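Taking it in order: structure first as C-alpha cells, then the write-up.
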Amino acid sequence: PSMGDATLRRRIKSWEFEAFFNPQELRKETCLLYEIKWGASHNIWRSSNQNTTQHAEINFMEKFTSERNFKPSVKCSITWFLSWSPCWRCSKAIREFLNQYPNVTLVIFVSRLYWHMEQQHRQELKELVCSGVTIQIMNYSEYRHCWRNFVDYLPEEEDHWPKYPTLWIMLYVLELHCIILGLPPCLKISVRHSDQLVLFSLDLQDCHYQKIPYHVLVATGIIRPFVTWR
Ligand SMILES: [Zn+2]
C-alpha cells in the first residue's frame, strides 16, 4: 500500500499475517480479518481483531451490533478470514447472531481447523454450514487477497503473499469435507515439541473413500487419477 493509503492504520504487519495464517503453525491466538459490505454499496469496510478474554468471533459480533450506524433492516454481507475455525461455542453464537439478524450473510474462510478431532467442534461446525454459512479453507487466492487488502507490505512486496505448501491446505480441505459429511476424522496432527515440528498424517477408512468427492482425494495426492486408454 502507498503512504497515503487510508487503510494503512488498520493493516497488520506482514510477519503477523505470515505467522497467524500459516496452516502449519498451531498458534494459541486467533486472528480475524473481516470485510463488511452494506446493501448495494460497493464500499467494503475492512479491519481485524484478535481473541482477548473472549474469542475473536464474539468480539466481532459484539462490536458489530453495538456500532452506532448498525441498521438490522439493511442487507449486509460479511466475510471473515479466520486463522482458526470457530470452536463449538462460537459456532453456536454465530448461528444465534444470524438468526437474530436475518439480513446478514456470512462467509468464513479459515486457515486451520480448531481441535478438529473433537466431536463437539465437528458437530457445531457442521450445524453452522447446514444453517447457511459458507465455510472454506483458505487457498492461494484468499492468501493473496488478504495480503493485498489487510497487510502493511512494502511497495515491492505486492506479490510476496505466503505460498504455503498446498498439501497442508488440501489436507484441511479434506478434513472439512469429512466434517460437513458427518464422517469420522481422517487427518491426524501431531506436534513434536522438541523442534516445534507439526506432522500431518492421514487415516482414511472405507467411508471416506466412498463419500469424499473424487477430485478432493486426487488433489491431496493420496490417490492417483484414473488413466483411461483409448
Ligand atoms: Zn470460539
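The values are calculated or read from the model by the stated rules, or taken from the named source; none is laboratory data. What you are looking at is a predicted structure, and each value in this text was computed from that prediction instead of being measured. We place every Cβ from the backbone using ideal geometry, glycine too, and count neighbours over all the protein chains shown.
The table that follows gives values for the structure above.
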{"quantity": "Segment 6-23 - residue that is in a helix (DSSP H, G or I) and surrounded by fewer than 17 Cβ atoms within 10 Å (Cβ to Cβ) and, of those, nearest to the chain's Cα centre (by Cα)", "calculated": "ALA19"}
{"quantity": "From the options ARG95, ARG27, residue that is of a type in the set (Lys, Arg), modelled with pLDDT under 95 and touching a Ser or Thr at 6+ places or on another chain (Cβ under 9 Å)", "calculated": "ARG27"}
{"quantity": "Which numbered condition LEU8 fails, given (1) of a type outside the set (D, E, K, R); (2) without any contact (Cβ under 8 Å) to a residue 60 or more places away in the chain; (3) away from the ligand (no atom under 16 Å from the Cβ); (4) touching a Pro at 6+ places or on another chain (Cβ under 8 Å)", "calculated": "(2)"}
{"quantity": "Pick from segment 201-230, criterion of a type in the set (Phe, Trp, Tyr) and at pLDDT below 85, ranking: nearest to LEU171 (Cα to Cα)", "calculated": "PHE226"}
{"quantity": "Meets criteria (more than 30 Å from VAL198 (Cα to Cα), out of contact with any Leu (no Cβ under 8 Å at 6 or more places or on another chain) and of a type in the set (A, V, I, L, M, F, W, C)) for TRP38", "calculated": "yes"}
{"quantity": "Options ILE212, ILE137, ILE189: the member that is among the hydrophobic types (A, V, I, L, M, F, W, C), within 21 Å of the chain's Cα centre (by Cα) and either in the same structural domain as LEU33 (by TED's automatic domain parsing) or on the phi > 0 side of the Ramachandran plot (or both)", "calculated": "ILE137"}
{"quantity": "Residue count for segment 54-81, restricted to those that are in a loop (DSSP other than H, G, I, E, B), in contact with a helix residue (DSSP H, G or I) (Cβ under 9 Å, 6 or more places away or on another chain) and not polar (S, T, N, Q)", "calculated": "3"}
{"quantity": "Count of segment 70-94 residues which are within 16 Å of the ligand (Cβ to nearest atom) and not polar (S, T, N, Q)", "calculated": "12"}
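Rundown of residues vs (1) surrounded by fewer than 15 Cβ atoms within 10 Å (Cβ to Cβ); (2) part of a loop (DSSP other than H, G, I, E, B); (3) charged (D, E, K, R), yes/no style:
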position: GLY4; (1), (2), (3): yes, yes, no
position: GLU25; (1), (2), (3): no, yes, yes
position: LYS28; (1), (2), (3): yes, yes, yes
position: LYS37; (1), (2), (3): no, no, yes
position: THR52; (1), (2), (3): yes, yes, no
position: PHE97; (1), (2), (3): no, no, no
